[in-house]
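The values are calculated or read from the model by the stated rules, or taken from the named source; none is laboratory data. All values reported here derive from a predicted model rather than from experimental measurement. Neighbour counts are summed over all protein chains in view; Cβ atoms, including those assigned to glycine, are modelled from backbone coordinates with ideal geometry.
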Amino acid sequence: MITASLAYTILSKDMTSSLNKVAAQATVKKDAQYYADNINKVKDVDDFLGDYRLYSYAMKAYGLEDMTYAKAFMKKVLESDLTDPNSYANKLSDTRYREFAAAFNFNAPEKDVQTDAQEDELIGLYKQSFVDADKAAATESTYYSNNIDSVQTVDDLVDNARLRTYVLKAFKIDPTYASKDFLRQVLTSDLSDPTSVVNTQGGDKYKALAAQFSFNADGTVNGSAQTATQKASIIETYTLNSQSVIIDNSVGSDVVYVSKTAAEYNQAYYTAKIGTITNVDDLVADSRLTSYIKTAYSMGADFTAAALRTVLTDPGYAQLMGFTNVYNAFNFKADGTTSTTARAQTIDQSNKLKDAAASTANYYSVTSRSTSITNVDDLLADSVLARYIKDAYGLGTSFSNAELKSILTDSTYATAQGHADLNADFNFQADGSINGSMIQTDAQRKSTTDKSAANAAHFNSMIGNVTNVDDIMSDPVAVSYLRTSMQIADSVSDATLRSFLVDPAAASAQGYSDVHDLFNFKTDGSVATLYATQSAAQSASTASKADDAAVYYQATIAGISNVDQLLSDRRLNNFIRNAYGIPSTVSDVDLRAILTDQSGTGTYADVAAAFNFKADGSLEDGMAAQTAAQITNTKIAATARTDDYSARVARISNVDDLIADPAITNFLKSTYNLPFDITDADLKSILTDATAAAAAGYSDLNADFNFAADGSLPVVSSIQTADQAQTTNDNYMARYDDERDEAIEEVADNYKSMMADSSSLLNFSDVKTVNDFLRTNRSADFTKSNDNLPDLYHVALQAFGLTDQDVPRSMMRKILTSDAYDPDGYIASLKDERITNLARAFNFGPDGKAASPLQALPQATMAKYATDYKAHVTMLLKAGPVKDKASKDATAEVDYFAKGMAKVQSLDDFLDDSRLTDLVLKANNLDPKDYDKATLKKIFTSDPDDKKSYLNTKADARFKDIVAAFNFDKDGNLTRAKIGAIQNKAAEENTQELYIKQTLETQQGESNDGVRLALYFSRKAPSITSIYSILGDKALYQVITTAYSLPAQISSMDVAKQADLINRFVKLDDLQDPKKVDKLLRRFTAMYDVQNSTQQSPALQILTGGGTQS
C-alpha cells in the first residue's frame, strides 16, 4: 500500500483526471445515467423514496449513505421549507441535511398567479404609465412647437406623420381612420363659405381644427401656417385632450390625469375668464370654470352644476353642504347677480343670529308647556313669550299686550281684527283662564313655531340682497325677527335699533353690542363697496413677479461675499426689507448696522440672525451669507408678506389708502424692484399715470392696478375680487392632482383586492385561472362600488403601455398561457417587449391555472446563500457588540437580498444592484472588490459547456456553481431550461459531481484511510465558518489533531477550551484558500503516515459512522 502522503499528492496534482477516471467506471457511469434519465420523472417525494437506485444515489452523493434506511426521517427533511429557520431541516445541526433538501424541489414555491413582488411591480408601472404618457405628450408638444413654424404648404403638415397625428389628436380625431386627402381639403377650406368641404362634410371637430390654421385655398400660406395665438391654442387643446383617462365613468364625469401643464392652462383660463362673468348662470354654464372651482374647493367631480349654483347664492345651503368657503369666495347676491358691495352679514354672523333665534324658539317651546302658566296674564307677563307670539303672527312692536289679550280670549273680536288664526292656536276662555290643561296643544304650538320659522326663512332669503341698513329697517318682518331673536325690548324704537346697527358706541351704551356685531354696516348705513384694485389677471401678474423676486434672491444670495455687496443689489435689498417688514425710514446705513449687529438683541435681532455677517460686514472663510435653512426661512417670510398683501389690497378704496400702508408699499418695492426710498408722491404718480409710469420704467406696475388719474378705483364688476380669485387659484394649484391621485390609488387598491385571496363568501373574486383574471369587475364580485373602475385586464394593459385594441381579451388569454421565457415561443414571435413584460408579470401555466413563479435564483439556493453570507461576515469576529452589529447588519442585507431577487427579471437587473451581487460573492467567499460589473457579465454569459469559455478558463472555479444556480441563459435572460420538475439542472449536475467525489473518497479509503480523510477535508473546507464545525465533525477533527500532533486526551477538555486550542493552529480564513488547505493536507498526510505504520482503518470507521462527534 502506498503512503497517504504520496496518494494524496498524486490525486491532488490532477483531481479532474482522477474524478474523470471514477466517472468512467462502468458501474458509476451506469448509475449516473439512470439518475439523469429518471430523476425528473419522479412525481413526488414518495415516488423518489420508493426508487431505491435514485434515492440511494442521491444519499451517497451528499454523504448520507448510512441514513438511507431512515426514509420517514428523510421525507421530513425533503419537505422542509428552507426559507423558514424553524423548518425541520434547518433545525438539524448537521448541515448535510439542509444541503440535501436544497438539491430538490419537493418544497417548491407555492403556485401563485402573481407574487407580491410582481404585483408591486405592476402597480408601480400602472402608476408610472400616467407620468410617462404625460411626458410623451409634452415631447410631442415640443416637437410640434419647434416644427410647425417651418410649414409652408398644407402638404408639409399632412405628410409629416408626427405633426398630422398631433393636430388630429388635439381635436380627438382618430389618426388611424383620418384620410390625408380629406384633412388636406379641410385645411384649405373657407370656413366662411357654407358650401366648403369643412362646412358640408367636416363636422364640429374638423371645423374647430380648420379654424386654427391659415392655409390658402391652394395650400400655401401667407407667412406662416398658424398665428402665435393659433399655435398656442392648439398646443393647449392637445395638452387638455391628451390627458389619460383613469376612471371612465358611464354616469358622471370621467377622472383624468391632470398634469401640471394642464393645470396651468386651466388656471390661465380661469384667471382670464372669471373677470367676464357677471352672474351665477353664466358661471355654471361654463363646465371648465365649474370643474376648476370644484377642484379648488374639493367638492368632487360629480357635484352638480345646480347644486353649485345653490351653494354660491344660498349661505344656508352652502353651510349645510360644508362649503361656506365656496360661498365666501364669490360675491353673488341671492338672485345670482353680482354684488358690488361686501355682504351685510357673513355666514358666521348669520349663524350667531340663527343660534339666538333657536334659543328663543326653544324657550318658547319649553315655557309654553309649563304648568306655571295658568291664565293669559301669566303668558303676557313673560315678555319673551309675548314678543315671540307677536313676531310669529306679524303684530309688530306697537301692538299692545291688552290688544293681544283681547284677541287671545275673544274669538269674535279676533275674527273682526283679522287674527282668527291666532285665537284658534290658543286655548284661553273669555275670563283668561285655560280651557283644558295647557295653553296650546302640540298641533297648535307647531302652528305658532311654523309661523316664526317662516319669518326666519324670510329674513335669510332677503339678507343676501341687503346693501343698506334701511333695507332691513323698511321690512317689518325682518325687524320683528331680529327683535325677537335678540330679545330686544319693545321700548327700543326702530330708530334706536337702526342706530345700534350702524353705531357700535350707541349699541354698547345700551347693552346691544351683540346686535351691532351681527352686521357689517358703516355709520352711514351702507356696506363697504368692493373696489377693483386689481383684476384676477392683474393679481396673478403681481404674484408671478413676487415669485420671480424669490427666484432671483435664491439664485443671487449665494454669491454675496460681504454686506455692502448685498445692500448695493436693490432687488436683494428690497426683498429683505419686504420679508422682514423693514420700513423705508430705515436707511441703508441703518440696515447695514442691523445686519452686522452681533448683540443678538434689539428690534431687528431676527434679521441679523438670518445672516452670517461679522461686525465688519465680511464673512468667515467658507461661510455663506446665508445657509440653505436661512434662505428658506427668508423666502417663507416673504411668502407670508405676499399672502398679507393679498388681504390688505382687497380693502383698498383709493390710491391714498395704498400709499398709507407700509406693508403694501414694501411688498410693491420688492416685487417691482422700486427704490426702497421712493417718495409717496412718485409712487402715487406711477400708480395713477401711465405716462409717468412709462417714463420711470414701471409700466408693468401701473398696468397691474386700476387706479384712475384722481386715485379712485372702479367698483368691482366681476363675481370675485382679485383676492378671492387668487385664493381660488392657490387652492386649485394645491389640489388639482388630488382627485387623480386618489383615483389611481383607488384603482390600485381594487386591483390588489381582486387579486388577493378572498375571505368573504360574498366575494368570489379570487383569481386562480386566466378566465378569472379576464372577468370584469361587475362579474367578479357582488361589490357595486368598483364596477366603474378599470378591471384587472385593463389595469395590466395600462401598466405596460397597451390597449385592448393592441391586445384583445382572446389574445390576452393566449399570451398569459404561453411561456414568456421561451425564445422560440408565441410571445417571442410577437416581438413586442411590452407584451413580453406583460406575460412575465403573471404565472399562469399552459392550462390557464396558477403556476409557480420563475425566479432568477431558486429559493433553496437563496436560503443557502443567506446562511453562508451571515456565517462568512461574522466568522472571524469574537462574541460582543461588534459581532452583534455585524449580525444585525447581515440580517438586514439578507432581507434586502430576498426582496431584491424577487424583482430580478434579467442578468442586467441582478448586476445593476451591487448589494445583490456582493451578497452572492461573499456567500461564496469571493471578494466583491475583485469583480466589476463587466467581469461578472463575462462570467455569467459564458457557455458553461465550452471548455474554452471565460467561465471555464479565467474565472474562479466557484463561479461554475454560482452561474449554474441562476436561471439565466447565456444571453442573460430568465429561462426555464434549467428548471426540472424535481431537480434543477444545476442541482442534478452537482449531485452527480458529489457522487463521483464520494465514490473517489470511498475507493481511496479502501486502500488508505488517510487519503479519504484528506479528500473529505478538502471538500468540506470552504464551508467551514466556525471552529465548532471542526469540533462537531470527527473526520475534520482527526485531520487537525493529526496534522498538529495534538494528544487524544484533549477531547475530554471543556468544549470552549478545545475550540481555543484548535484556533491556535487553524485560521478560518485560511480554509477559504485552496493553496493553504492543500498545504495543511500535505502536513496531515505526512503525519498520518508517521502515526499509522501498521495497516488499520480508523478513518473508515469515522466516515461511515455518521461523521459527527458527540
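Here are the numbers:
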{"read-out": "Qualifying residue in region 754-767 (condition: surrounded by fewer than 16 Cβ atoms within 10 Å (Cβ to Cβ), at negative phi and modelled with pLDDT of 90 or more)", "value": "no"}
{"read-out": "Residue in region 606-625 that is within 11 Å of Asn578 (Cβ to Cβ) and not assigned by TED's automatic domain parsing to the domain that holds Ala725 present", "value": "no"}
{"read-out": "Any hit, region 231-242, residues being of a type in the set (A, V, I, L, M, F, W, C), in contact with an Asp or Glu (Cβ under 9 Å, 6 or more places away or on another chain), in the same structural domain as Val198 (by TED's automatic domain parsing) and closer than 30 Å to Val197 by Cα", "value": "no"}
{"read-out": "Complete set of residues in region 212-268 that are among the aromatic types (Phe, Trp, Tyr), closer than 16 Å to Leu163 by Cα and touching a strand residue (DSSP E or B) at 6+ places or on another chain (Cβ under 8 Å)", "value": "Phe215"}
{"read-out": "Pick from region 803-827, criterion in contact with a Ser or Thr (Cβ under 8 Å, 6 or more places away or on another chain) and not in a loop (DSSP other than H, G, I, E, B), ranking: surrounded by the fewest Cβ atoms within 10 Å (Cβ to Cβ)", "value": "Tyr826"}
{"read-out": "Residue list for region 112-126, filter: crowded, with 17+ Cβ neighbours inside 10 Å and in a helix (DSSP H, G or I)", "value": "Ala117, Gln118, Glu119, Glu121, Leu122, Ile123, Leu125, Tyr126"}
{"read-out": "Flag if Ala443 is touching a helix residue (DSSP H, G or I) at 6+ places or on another chain (Cβ under 9 Å) and of a type in the set (A, V, I, L, M, F, W, C)", "value": "no"}
{"read-out": "So Ala890, is it within 17 Å of Thr1025 (Cβ to Cβ) and either part of a helix (DSSP H, G or I) or under 36 Å from the mean Cα position of the chain (by Cα) (or both)", "value": "yes"}
{"read-out": "Options Asp723, Asp657, Asp700, Asp616; residue that is within 22 Å of Asn331 (Cβ to Cβ), out of contact with any helix residue (DSSP H, G or I) (no Cβ under 6 Å at 6 or more places or on another chain) and either free of Cβ contacts under 8 Å to residues at least 60 places away in the same chain or in a helix (DSSP H, G or I) (or both)", "value": "Asp657"}
{"read-out": "Odd one out for Leu951, checked against (1) in a loop (DSSP other than H, G, I, E, B); (2) under 20 Å from Leu911 (Cβ atoms)", "value": "(1)"}
{"read-out": "Selected residue (criterion: surrounded by the fewest Cβ atoms within 10 Å (Cβ to Cβ)) from residues of region 489-525 that are among the polar types (S, T, N, Q) and part of a loop (DSSP other than H, G, I, E, B)", "value": "Ser491"}
{"read-out": "Residues of region 75-91 satisfying the condition of being in a helix (DSSP H, G or I) and in contact with a helix residue (DSSP H, G or I) (Cβ under 7 Å, 6 or more places away or on another chain)", "value": "Lys75, Lys76, Val77, Leu78, Tyr88, Ala89, Asn90"}
{"read-out": "Qualifying residue in region 557-575 (condition: closer than 27 Å to Ser646 by Cα, among the β-branched types (Val, Ile, Thr) and without any contact (Cβ under 8 Å) to a residue 40 or more places away in the chain)", "value": "no"}
{"read-out": "Which numbered condition Thr529 fails, given (1) over 30 Å from Thr496 (Cβ atoms); (2) surrounded by fewer than 19 Cβ atoms within 10 Å (Cβ to Cβ)", "value": "(1)"}
{"read-out": "Top-ranked residue in region 582-599 [being in contact with a helix residue (DSSP H, G or I) (Cβ under 7 Å, 6 or more places away or on another chain) and of a type outside the set (Ser, Thr, Tyr); ranked as surrounded by the fewest Cβ atoms within 10 Å (Cβ to Cβ)]", "value": "Pro583"}
{"read-out": "Sole exception among (1) over 23 Å from Gly1032 (Cβ atoms); (2) more than 50 Å from the chain's Cα centre (by Cα); (3) not in a loop (DSSP other than H, G, I, E, B) for Ile2, by number", "value": "(3)"}
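The rows are residues; the columns are (1) of a type in the set (Phe, Trp, Tyr); (2) outside any helix (DSSP H, G or I); (3) out of contact with any His (no Cβ under 9 Å at 6 or more places or on another chain).
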site: Asp47; (1), (2), (3): no, no, yes
site: Arg53; (1), (2), (3): no, no, yes
site: Ala58; (1), (2), (3): no, no, yes
site: Tyr69; (1), (2), (3): yes, yes, yes
site: Phe73; (1), (2), (3): yes, no, yes
site: Ser93; (1), (2), (3): no, yes, yes
site: Glu99; (1), (2), (3): no, no, yes
site: Asn105; (1), (2), (3): no, yes, yes
site: Glu110; (1), (2), (3): no, yes, yes
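A quick yes/no check of all residues on (1) in a loop (DSSP other than H, G, I, E, B); (2) touching a Ser or Thr at 6+ places or on another chain (Cβ under 8 Å):
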| residue | (1), (2) |
| --- | --- |
| Lys864 | no, no |
| Asp868 | no, yes |
| Lys878 | yes, no |
| Asp895 | no, no |
| Lys899 | no, no |
